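**Q** Encoded as structure tokens, here's the structure I'll be asking about.
The values are calculated or read from the model by the stated rules, or taken from the named source; none is laboratory data. Computed from a prediction, not measured in an experiment: that's the story for all the values here. Here the Cβ positions follow ideal geometry from the backbone for every residue, glycine too, while neighbour counts run over all protein chains shown. Ligands, DNA and RNA are stripped out before the accessible areas are found, and what is left, the full protein with its side chains, is counted by its heavy atoms. Shrake-Rupley method; radii C 1.70, N 1.55, O 1.52, S 1.80 Å.
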Amino acid sequence: MGEPPFNYTFTVEEYLERERTSLVKHEYHEGEIFAMAGGTPRHSLLGANVVSELHRALRGKPCRTYNSDLQVAMSRRKFVYPDASVVCGKVTTFSENPNAANNAVLIVEVLSESTASYDRSGKFLRYAQMPDFREYVLIEQDFPFVEVRFRTAEGTWQISTYGDLADRIQLQSIDAQMSMSDLYDGADFGVRSTEEWFEKNPVGSGEKP
């Protein structure tokens, strides 16, 4: 199969067939296919750490942790690969893609410069349309900072932030905690907190704010 013509849109079936034989992961958005760029070593480390922490926190509970190999179905025509996700009970899917979970309760994204804005805004809004989705964890990879968004029973979103390696992250959707120090284990920033990082890297210094 040659290169698609300009503005060509793929059916879900065409996308899944390409994905089965591709060496690179792709996300699917309403007919368009987007290759996923490779991450940094620290991004990979934090992704592995959060999966390990969630697995530990969920021992004895009816929920399971999945790494970035599990697709999440935002809808019947939107499939993405978050860095980690949690499903409580059996994984359910749409008939269009039997390998993409549509009932993730908690989703984790490790932020990078190229995707941070989308992860915080457009991607979150799409995740929020999923009926079972209740909690969103955003992990900064350049300094110790985690943002947690939790959907209450009333449908409003509460935001909690953690910026010290001594903190324990509260995950209300799965009634669990994660240790900031364990989450960032191996990521040597030379600081213990976000506040300390900003003291060493003031805005306007040329470093990433």
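**Q** Filter the range 51-67 down to the residues that are out of contact with any helix residue (DSSP H, G or I) (no Cβ under 6 Å at 6 or more places or on another chain) and open to solvent by 30 Å² or more (accessible area, probe 1.4 Å) and list them by number. Give the derivation first.
**A** Quick first cut of the range 51-67, residues out of contact with any helix residue (DSSP H, G or I) (no Cβ under 6 Å at 6 or more places or on another chain) only: 51-52, 54-64, 66.
Within the range 51-67, VAL51, SER52, HIS55, ARG56, ARG59, GLY60, LYS61, PRO62, ARG64, TYR66 qualify.
**Q** Let me ask another. Just to check your reading of the model, which residue among THR156, THR161, THR194, THR115 is open to solvent by less than 30 Å² (accessible area, probe 1.4 Å) and β-branched (Val, Ile, Thr)?
**A** After applying the criteria, what remains is THR194.
**Q** Another question, then. Step by step: first the residues of the range 36-50, then only those that are in contact (Cβ under 8 Å) with a residue 60 or more places away in the chain and of a type outside the set (Val, Ile, Thr), then the one that is surrounded by the fewest Cβ atoms within 10 Å (Cβ to Cβ). Which residue is that?
**A** Out of the qualifying residues, it is ALA37.
**Q** I'd like to check which strands (runs of 3 or more DSSP E) are fully inside the range 24-83 and have at least 2 residues that are at pLDDT 95 or above. Give the steps one after another, and end with the answer.
**A** On the way: elements: 26-29, 32-35, 63-66, 71-75, 78-80.
The qualifying strands (runs of 3 or more DSSP E) are 63-66, 71-75, 78-80.
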